[in-house]
Amino acid sequence: MFGGFGGTEFLVIILIAIFLWGPDKLPKALANLRRFISKARNMASNAAADLSREIGTDIRPEDLNPKTFVRKHILTEEDQEMLTSPLKSTMRDLQDGTRPLKEGLTDATRDIESTRREVNRGSLTRKTHGTNGSAVNGSDAAAEPAAEPARDRAASFDDVT
């Protein structure tokens, strides 16, 4: 909401300020804070103007980041292209080289997912048949262990995907 502060943090800061200064002195403290921030901004803009005058180019505060400063004021576009072109070509080669691996992993994932579905369908079918077969075997306990390994295999397929 306010420079990285959320609503609750802002509310906590307000409450702390009210407890520290009280409702009587809080408006004066906020006015002093506003004046301080205004002076700090003026000092920063004056420093940027002085630096721009000394260097001879227009400098904004975000340009004072060393990477941005070097990129904007020292390197020409040709130098920048010379430095970034090998990285771009390497990135392209890396993407082209890994494309078959990515396609293979996608195919394997698809195969595993279809196998998992088949196992789930098979376990339901076996469980149903096992219950029907339990009348022949004489107990329901014989049907249950056959369904459990299928569920365990299906869970291990989920871990892979």
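Okay, here's what the table says:
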{"read-out": "13 Å beta-carbon shell around LEU94, net charge (K/R +1, D/E -1)", "value": "+2"}
{"read-out": "Whole-Hz ³J(HN,Hα) from phi, Karplus 6.51 cos²θ - 1.76 cosθ + 1.60, for region 19-32, glycine and proline x", "value": "5, 6, 9, x, x, 6, 8, 4, x, 5, 5, 5, 5, 5"}
{"read-out": "Summed side-chain charge close to ARG35 - residues other than ARG35 whose Cβ falls under 13 Å, Lys, Arg +1, Asp, Glu -1", "value": "+4"}
{"read-out": "From phi via Karplus (6.51, -1.76, 1.60), per-residue ³J(HN,Hα) for region 81-96 in Hz, x at Gly/Pro", "value": "5, 4, 6, 8, 4, x, 5, 5, 5, 5, 5, 4, 4, 5, 5, 5"}
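Bear in mind that the values in this text are calculations on the coordinates, not laboratory data. Bear in mind the structure is a predicted one, so any value in this text is a computation, not a measurement. A quick note on method: Cβ atoms are made from the backbone with ideal geometry, for glycine too, and the neighbour counts reach across all protein chains shown.
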